[in-house]
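K.L.:
Could you have a look at this structure, given as structure tokens, before my questions?
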Amino acid sequence: MNLESILDCQERGSRARILGSHRTENPYKSNRNAGELEDETSLLYEAWEFGWSIEDCIRQIGTGFYLSLRNQSALAAGKLVDT
């Protein structure tokens, strides 16, 4: 397992959140207890979860890129949005 594969897994988690997947839809989730996961699978599970969580936080805060999109949409529709 290398850093590149972990970062790729984080990106997949982030994309899953963008597409509306729920946190429980982690593809690295096993039918076994979390403590019984193999080391590599455990790392991928956590990386996917981290990517999903980061994207979820960004959406909850409503700042940065998403706030900019909201403001642009409101301006295009002729509405004023408080920042």
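The values are calculated or read from the model by the stated rules, or taken from the named source; none is laboratory data. Predicted, not measured: the structure shown is a model, and the values here were computed from it. Just so you know, the surface numbers come from the protein's heavy atoms only, side chains and all, with ligands and any DNA or RNA stripped out. Shrake-Rupley method; radii C 1.70, N 1.55, O 1.52, S 1.80 Å.
K.L.:
I'm told Leu67 meets every condition in (1) open to solvent by less than 100 Å² (accessible area, probe 1.4 Å); (2) at pLDDT 90 or above except one. Can you identify the failing condition by its number?
P.N.:
If we test Leu67 against (1) open to solvent by less than 100 Å² (accessible area, probe 1.4 Å); (2) at pLDDT 90 or above, just (2) comes out false.
K.L.:
Taking the stretch 1-50 only, how many residues are at pLDDT below 90 and of a type in the set (D, E, K, R)?
P.N.:
The number of residues fulfilling the criteria is 6.
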